[in-house]
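Below is one structure, written out as structure tokens; the observations come after it.
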Amino acid sequence: MIKLKTAVKAGIALCAGGLVSGEIVYQCLLNVKTVNRVYGLMKLAQKQHTNIFYESPLYKEGISWLENSQAEKAVLPYGKNKKAKGLVIKNTDRKKWIICAHCFCGCPGDESIYAKHYYEKGFGVVIPYMSGHGEDESKYSSMGYCDREILKAFVLYITENYPDCEIFLHGMSMGASAVMLLAGEKLPDSVKCAVCDSGYDTCLNEFKFLLKNYYHLPVFPFLYLAGIASRLHGNFDFKKSEPAKALENAGIPVLFIHSENDNFVPYEMFLREYKSCKSPVEAYTVKCPLHGGGVVFNPSEYFQITDDFIKKYISE
């Protein structure tokens, strides 16, 4: 009897320890505030990229433009009693639109480089807050899984208000994976194409990469335990977020962009996405070693590639 009680206590302690461990890993993976405070390893590894991006003249010009734009705040219903929030910048021509999806730990300002460029090309601009970021009401990120619903809410908003509109989707990193997930769903004819820059193929694969290379933790049991914590929080099931698989049902043309030596989302993920996509595809491999760095390393080439792609599907 004593041995049985001891075994039960040990089992309870083990389960409790597992739940605590899973909660800690979950917070470090999906709580944006926690990541910004304590994810020191990631910030050290990304310091060079962060400096290059945020100190670039292109970014500073984009931020200045966004701050001085006539951006309106939109709040849209989606899902079960949820609200999608974002910035809407109307252009003279209300027909052409770009929806920009920002990266993990990002914000609408991070998309200002792309937004400014396409606004000057005559596009109206929408930049939603991704799940768990900024003004979004969710506490945790969904790494693109719920964000696809946010993006779709804005697609429907534009389509309903401007019936003859033409829309293209642009996503960076997590935003790119959200765009891929959405591209695999049935969309209004108004959505013409998508640009996916540095997205990951599955949430599980990205988390495995982060645990191994940034947190230096074994995938088992920590990723499994974090997945349990995610479901307990009412967040998403890691196994269901598979952008590459969603692309097997893609109905819009996609341009994939990726850095050859990406140190945050491995190049191999881009190859799987490209091969999985059943709609017309193009690819632009960026000659820089950092995650999502193409636009600041060679902006003229970057925008020449994206402009040429978009012209094929959206009227000038």
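The values are calculated or read from the model by the stated rules, or taken from the named source; none is laboratory data. Not measured: the values here are computed from a predicted model. Cβ placement follows ideal geometry from the backbone for every residue including glycine, while neighbour counts extend to all protein chains displayed.
Brief remarks follow.
- Qualifying residue in segment 121-139 (condition: assigned by TED's automatic domain parsing to the domain that holds K96, assigned to a helix (DSSP H, G or I) and either at pLDDT below 95 or out of contact with any Ser or Thr (no Cβ under 7 Å at 6 or more places or on another chain) (or both)): no
- Of L181, L210, L217, L204, all but one fail to be in a helix (DSSP H, G or I) and at pLDDT below 95; the exception is L210.
- The residues on offer are Y162, Y215, Y224, and the sole one that is assigned by TED's automatic domain parsing to the domain that holds K275 and more than 13 Å from the chain's Cα centre (by Cα) is Y162.
- Criterion (assigned to a helix (DSSP H, G or I), crowded, with 23+ Cβ neighbours inside 10 Å and aliphatic (A, V, I, L, M)) met by exactly one of A176, A194: A176
- Answer from V254, V296, V281 - the residue that is buried (at least 22 other Cβ atoms within 10 Å of the Cβ) and in the same structural domain as D93 (by TED's automatic domain parsing): V254
- Those helices (runs of 4 or more DSSP H) lying entirely in segment 16-116 with at least 1 residues modelled with pLDDT of 95 or more, under 21 Å from the mean Cα position of the chain (by Cα) and surrounded by fewer than 20 Cβ atoms within 10 Å (Cβ to Cβ): 57-67
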